[in-house]
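Everything on this sheet refers to the single structure shown next.
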Amino acid sequence: MGLLDGVLGDSSSGMPGNPGGVNLQGMLGGLLGSLGGNRGGANNAMLATVMALVQQNGGIEGIIAKFRSGGMSDAAASWVGTGANAPLSGEQVQQVLGTSTVSDVASTLGVDHSQASSSLAAMLPELINQLTPNGQVEANSNDLLTQGLSMLRGH
């Protein structure tokens, strides 16, 4: 299993109650892999930070609402839908989430502002896509965020 052994344990199936039968371990592994490289702990921290940010903004529905109100309705809809994800730029992340949010992420991760906004731009669409496998936000999708964060943090 490699990179995820210590982080996610040995469960290979979705947790009970996961919407759409999402394999949480597989989802997290795919998201970590999309970050590239073998940065292990840094990638875990990045994913955990993005997941916490989504939680702090009202979960999947809340973060999607932010992007919709920021003029990115079509892009946000693509992340939930079953087709290809519309790309997101670091500037768009900063515009929608605000400079202070991106600065907080940069500080948490120990990276510069530009790297934080680029990482958020790469991770948010894919995270939302993975948490909405059936093309819709499931009622208990926020539970998946909580479970995923617990797995990443080793709780």
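The values are calculated or read from the model by the stated rules, or taken from the named source; none is laboratory data. Computed from a predicted model, the values in this text were never measured in an experiment. For neighbour counting, all protein chains shown are included, and Cβ atoms are generated from backbone atoms with ideal geometry for every residue, glycine included.
Does at least one position in region 19-32 carry a residue that is more than 20 Å from V137 (Cα to Cα) and either buried (at least 19 other Cβ atoms within 10 Å of the Cβ) or modelled with pLDDT of 90 or more (or both)?
Yes, region 19-32 has at least one match.
Determine whether E138 is touching a helix residue (DSSP H, G or I) at 6+ places or on another chain (Cβ under 7 Å) and either closer than 19 Å to S73 by Cβ or part of a loop (DSSP other than H, G, I, E, B) (or both).
Considered against the rule, which asks whether it is touching a helix residue (DSSP H, G or I) at 6+ places or on another chain (Cβ under 7 Å) and either closer than 19 Å to S73 by Cβ or part of a loop (DSSP other than H, G, I, E, B) (or both), E138 comes out as yes.
Only one of (1) touching a residue at least 24 places away in the same chain (Cβ under 8 Å); (2) closer than 16 Å to V50 by Cα; (3) out of contact with any Phe, Trp or Tyr (no Cβ under 9 Å at 6 or more places or on another chain) fails for N134. Which number is that?
With respect to (1) touching a residue at least 24 places away in the same chain (Cβ under 8 Å); (2) closer than 16 Å to V50 by Cα; (3) out of contact with any Phe, Trp or Tyr (no Cβ under 9 Å at 6 or more places or on another chain), N134 is out only on (2).
Do we have T99 as surrounded by fewer than 19 Cβ atoms within 10 Å (Cβ to Cβ) and more than 16 Å from A52 (Cβ to Cβ) here?
yes
Quick check, is V80 under 22 Å from N44 (Cα atoms), at pLDDT 90 or above and of a type outside the set (S, T, N, Q)?
No; evaluated as a whole, the condition is false for this residue.
Exactly one condition in (1) in a helix (DSSP H, G or I); (2) at pLDDT 90 or above; (3) not basic (K, R) is not met by A86; state its number.
(1)
So L127 ticks every box in (1) part of a helix (DSSP H, G or I); (2) crowded, with 19+ Cβ neighbours inside 10 Å; (3) free of Cβ contacts under 8 Å to residues at least 40 places away in the same chain but one. Which box is left unticked?
Checking L127 against (1) part of a helix (DSSP H, G or I); (2) crowded, with 19+ Cβ neighbours inside 10 Å; (3) free of Cβ contacts under 8 Å to residues at least 40 places away in the same chain, the one that fails is (3).
Given S69, S114, which one is of a type in the set (S, T, Y), out of contact with any Gly (no Cβ under 9 Å at 6 or more places or on another chain) and loosely packed, with under 15 Cβ neighbours inside 10 Å?
Just a single option satisfies the conditions, and that option is S69.
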